[in-house]
Amino acid sequence: MSRSGVTDGSVAAVFPTVREVLALDPVRHGAPRVVAGDAGLDRPVRWVHVAEVPDIATLLGGGELVLTTGIGLPGDDAGLRAFIGDLADVGVSGLVVELGRRYVSGVPRVMAAAAERRGLPLVELRRATPFVRITEAVHALIVDAQLTELRATEEIHQRFTDLSVEGADAAEVIRQAAELSGCPVVLENLSRQVLGYDPAGESAELLLDGWEQHSRRIRPAGRTAYDPDSGWLVTVVGARGQDWGRLLLRWPSGGELPSRRGTDPVAPDTRPGDGPPTRLTILIERAASTLALGRLIRRDAEGLERQIHRTLLTALLDHSRPVDEVALRARALGVVLERRYLVGVMVRHRADDPAGEGGPEAGPARLRDLSEAVGQALREAKLTALTSAVDDHSVGALLALPDPGAEDRALSAFAAALRRVRLDAGAVRTASGADASRVAPGADASRVVSGADPSRAAGAAPGGVIVAAGSGVGSLREARRSLVEARQIAEAARRDRRDLPIFRLPHVGLAGLLHLLRDEPRLQTFVERELGALLEYDARHPRDRLLDTLRAYLEQGRNKSAGAAAAHLSRPAFYERLARIARILDVDLDSVEASLSLHVALLALDAVRTP
């Protein structure tokens, strides 16, 4: 690098090269011929200076293209060598000599040899050319490039300011950074796991293959710096003294440039071998600050890693991303799903949020607590999984197991760990309340939860949570089936009073089967055929609620006295309601077969109505 630093890539992005200057019309008019130093033709030209004195080097700062007719140059070989040496030492970009006044047929051989030794481009103009036209053309090119750079920088600032104001998520910030630069962009955490990426049209598989090992070899000096060995521009992401990741942008130190460069007004027009231009440093730092600000704003929300987990689980459930992409992103996050035995698991509270209890924030807070408990239980059980909340009530997990033989052991370990985590969390919350001072050091946490013996606490704390598992599958393409089955089992198990560690399909019986079939049009047609008339009657007479009467009768095994008591009605009133139901449905309620059909229809109606 010269003393002025003009060979730095950030400067090269703004200034034209000697090669580009030679292609300008005023220069081409002079019939230029490179006689030495052609390896330096890609040097940037910071300015054009006309000189006819031998000691001009003392007035230069580096990066200039010197124009001369040679009339004032030394006449001896030693003087010419010294002249070329001084120019090379100060870091000029090149020397252009117009023939005809001092040198007629060509520049002296000693001058050409000295320039070749120092790698200084030496150009002859074989036709007379007004130097002013050259300086005007080059300076106009430089000013135009600088204006372009300023416009690009302003565009970067405006784009990321808008993203900050809009509260854009990390994926959108990364996408915008890749779009503006035309380069692949990767966001990773401090463990070198990929939190997000945009390959900018390149192969995501090649970009992320062996990412952790590759990333650990990228060691730039400083918070924002370019690593020329790897070709990555890197900046640290964090705020308030708490760094949590790195944002990386790949700028090739040689070879082909990104394919989109030159098509976007913000994408830099830089030559292979240059370092990244200043605007890319600005871009990556603004993107990093936007990510850090977004994390501060959402500090009470789920972590970025969990957001990625949620994105991938949701993608499996709704087919929003190709399975191969899900596998690639999960692997970059440290969760290998290929060639694994996969089991979908859903965890949810048995009851929805009590109406109005704790205000509008209570539901999300309860779901967040459950999600954290599931994540901690997976870690304690040493299980690899994608896990996050998948809707307003459920936390999902896709377990990645080595083989089918590990399924029962893994599920049991997870259920036990979740029970312990929730008991411990309950103990901490209770102990931090008003009676915390009454808890003796070393006291059994379960006694604090229940106020009684550990056995009661063990059933009380986790009893309100259902853990359901779907059937294991052998490939990621089948994972959706396992996850959907687990979610349906969890919904069906809400009506089961048993406190099982894990609910599987055989545990949920007829109600579970109907829940699995709730979207089946034939089941819905069956419900309408059996109960449609009664539902229409209740819609016209909402105070009668005959459907509840029928439910009480059937749930009590067609015992009319028990049914009346369950419905809180006198027996005559209950009998009269049953008679009306029989007339409306045109059915004999004393018939076992008819009552069985109605009971199944009621269970199916519950399944269809379950959100």
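The values are calculated or read from the model by the stated rules, or taken from the named source; none is laboratory data. Values in this document were obtained by computation on a predicted structure and should not be read as measured data. Because the Cβ atoms are built from the backbone with ideal geometry, glycine has one as well, and the counts that use them run over all protein chains shown. What goes into the accessible areas is simple: the full protein's heavy atoms, side chains included, and nothing from ligands, DNA or RNA. Shrake-Rupley method; radii C 1.70, N 1.55, O 1.52, S 1.80 Å.
What to note about this one:
- Given (1) open to solvent by less than 30 Å² (accessible area, probe 1.4 Å); (2) assigned to a helix (DSSP H, G or I); (3) at pLDDT 80 or above, index of the condition Gly426 fails: (3)
- Boolean, Val110 is β-branched (Val, Ile, Thr) and open to solvent by 50 Å² or more (accessible area, probe 1.4 Å): no
- All positions within the stretch 517-574 that are open to solvent by less than 50 Å² (accessible area, probe 1.4 Å), under 53 Å from the mean Cα position of the chain (by Cα) and of a type in the set (Asp, Glu): Glu530, Asp538
- Residue satisfying all of: in the stretch 116-135; closer than 17 Å to Pro44 by Cα and assigned to a helix (DSSP H, G or I); most open to solvent (accessible area, probe 1.4 Å) among these: Arg118
- Taken over the stretch 398-414, the criterion of being in contact with a helix residue (DSSP H, G or I) (Cβ under 7 Å, 6 or more places away or on another chain) and in contact (Cβ under 8 Å) with a residue 60 or more places away in the chain is satisfied by Leu398, Leu401, Phe414.
- Any hit, the stretch 76-95, residues being among the acidic types (Asp, Glu), open to solvent by less than 10 Å² (accessible area, probe 1.4 Å) and under 23 Å from Trp47 (Cβ atoms): no
- Scanning the stretch 485-511 for residues that are more than 34 Å from the chain's Cα centre (by Cα), under 30 Å from Ile584 (Cα atoms) and buried (at least 17 other Cβ atoms within 10 Å of the Cβ) yields one hit, Ala511.
To keep it simple, each residue is scored yes or no on (1) among the aromatic types (Phe, Trp, Tyr); (2) part of a loop (DSSP other than H, G, I, E, B); (3) in contact with a His (Cβ under 9 Å, 6 or more places away or on another chain).
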residue	(1), (2), (3)
Glu20	no, no, no
Pro26	no, no, no
Gly30	no, yes, no
Val34	no, no, no
Ala39	no, no, no
Asp42	no, yes, no
Val48	no, no, yes
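- Taken as a whole, the structure leaves Leu514 outside the set of residues that are more than 22 Å from Glu491 (Cα to Cα) and either surrounded by 18 or more Cβ atoms within 10 Å (Cβ to Cβ) or β-branched (Val, Ile, Thr) (or both).
- Restricting Ser203, Ser164 to residues that are under 21 Å from Glu338 (Cα atoms) and open to solvent by less than 60 Å² (accessible area, probe 1.4 Å) narrows the list to Ser203.
- For the stretch 82-91, the criterion of being touching a residue at least 24 places away in the same chain (Cβ under 8 Å) and not in a helix (DSSP H, G or I) is met by at least one residue.
- Output for the stretch 579-601, where each listed residue is crowded, with 18+ Cβ neighbours inside 10 Å and not β-branched (Val, Ile, Thr): Leu585, Ser595, Leu598, His599, Ala601
- Remark: Ala78 falls outside the filter, which requires a residue to be more than 18 Å from Arg126 (Cα to Cα), assigned to a helix (DSSP H, G or I) and within 53 Å of the chain's Cα centre (by Cα).
- Test: residue in the stretch 534-557 that is closer than 30 Å to Ser471 by Cα and part of a helix (DSSP H, G or I): no
- Candidate set from the stretch 28-47 (those that are surrounded by 22 or more Cβ atoms within 10 Å (Cβ to Cβ) and among the hydrophobic types (A, V, I, L, M, F, W, C)); member that is modelled with the lowest pLDDT: Val45
- Evaluation of Ser482 against (1) open to solvent by less than 70 Å² (accessible area, probe 1.4 Å); (2) of a type outside the set (A, V, I, L, M, F, W, C); (3) over 30 Å from Leu411 (Cα atoms) (one fails), failing number: (3)
- Filter result for Leu147 (open to solvent by 60 Å² or more (accessible area, probe 1.4 Å), without any contact (Cβ under 8 Å) to a residue 12 or more places away in the chain and not aromatic (Phe, Trp, Tyr)): yes
- Any chance Arg279 is at pLDDT below 90, of a type in the set (D, E, K, R) and open to solvent by less than 20 Å² (accessible area, probe 1.4 Å): yes
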